[in-house]
């Protein structure tokens with residue numbers, strides 16, 4: 001079945017460092033891909049999405065490009081801030097028509113001043 | 001425009017008791033999804049409901065768990081005879097319509113269930 005694999009955390013960076021969180025997926029057909037962010041004690045918020053191959057999703061300085069050839073959707077940010085500390089989830093919406101999302105296990109990002 | 005509202009935020013139950021988790025979707029949303037987040041794990045899909053209908057319950061444990069989304073009122077996730085392994089954060093999400101068009105899910109802040 002469909003699945004999502006993320007790099008394990010925690011990822012610890014200094015402020016203004018470059019961020020990459022790897023995400024790869026397995027799915028039949030052409031899934032849509034998402035990144036969600038979860039701040040402490042809160043629910044998930046959509047960060048960005050891409051619905052077809054070679055699309056680039058971007059928001060708040062974060063970017064991810066849908067790479068069909070490598071089945072990847074890595075999250076990047078050029079200069080992280082302390083306020084970016086959170087848990088990041090990669091997810092896919094697969095071929096089922098029920099609309100459910102399949103999530104990766106999440107990657108904790110800690111940014112130190 | 002209120003978001004997805006879940007209550008209670010925290011729920012403590014002793015083994016064997018029942019837990020009821022409530023979710024009011026965003027205004028105008030008629031589709032509700034329940035997910036469970038175990039410690040140090042990602043979110044696992046449990047069930048997808050529309051008003052008065054269960055559409056997909058492939059992620060629900062076969063016993064003790066049930067969900068409903070009545071015509072009036074919130075969606076309810078019910079766990080009977082709770083065990084310690086049920087301790088987790090339970091998240092509800094809603095969307096306005098069939099997500100074939102990839103409209104995003106809107107999540108609540110979750111209910112954190114602790115079974116003692």
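Readers should treat all values here as calculations from the given coordinates under stated rules, not as data from a laboratory. Not measured: the values here are computed from a predicted model. Here Cβ is always computed from backbone atoms with ideal geometry, including for glycine, and neighbour counts include all displayed protein chains.
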Subject >> Rel. contact order, % - alpha carbon contacts under 8 angstrom, at least six apart, chain A >> reply: 36 percent
Original post:
In nanometres, what is the gap between the two model label sites at residue A:53 and residue A:76, each 7 Å from Cα along Cα-to-Cβ?
Top reply: 2.0 nm
Original post:
Taking the alpha-carbon centroid of each part, what is the distance from the range A:52-112 to the range B:54-73 in angstrom?
Top reply: 29 Å
Original post:
If we restrict to alpha carbons, what Rg and Dmax does chain B come to, in Å?
Top reply: 13.5, 42
Original post:
Of B:14, B:36, B:78, which has the largest mean-square fluctuation in a 10 Å C-alpha GNM of chain B?
Top reply: B:14
**OP:** Among B:46, B:60, B:5, rank each residue by its count of other Cβ atoms within 10 Å, from fewest to most, as a rough exposure measure.
**Re:** B:5, B:60, B:46
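Could you state the orientation-averaged shadow area of the convex hull built on the Cα atoms of the protein assembly as shown, in nm² to one decimal? Show your work: numbers first, answer last.
On the way: hull surface 50.2 nm².
Spelled out: convex hull of the Cα atoms, projected over all directions, averaged, 12.6 nm².
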Original post:
Under the Kirkwood approximation for Rh and a Cα-based Rg, what ratio Rg/Rh is obtained for chain A?
Top reply: 0.96
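Tell me the relative contact order for chain B as a rounded percent, counting alpha carbon contacts under 8 Å between residues six or more apart. Before the final figure, lay out the partial values.
Values: 292 pairs, mean separation 42.9, N = 116.
In percent, rounded to a whole number, it is 37.
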Original post:
Most mobile of A:78, A:94, A:41 per a Gaussian network model of chain A (Cα springs, under 10 Å)?
Top reply: A:41
Original post:
Among A:83, A:32, A:58, whose mean-square fluctuation peaks in a Gaussian network model of chain A (Cα, cutoff 10 Å)?
Top reply: A:83
**OP:** Mind sorting B:38, B:77 by how few other Cβ atoms lie within 10 Å of their own Cβ, fewest first?
**Re:** B:38, B:77
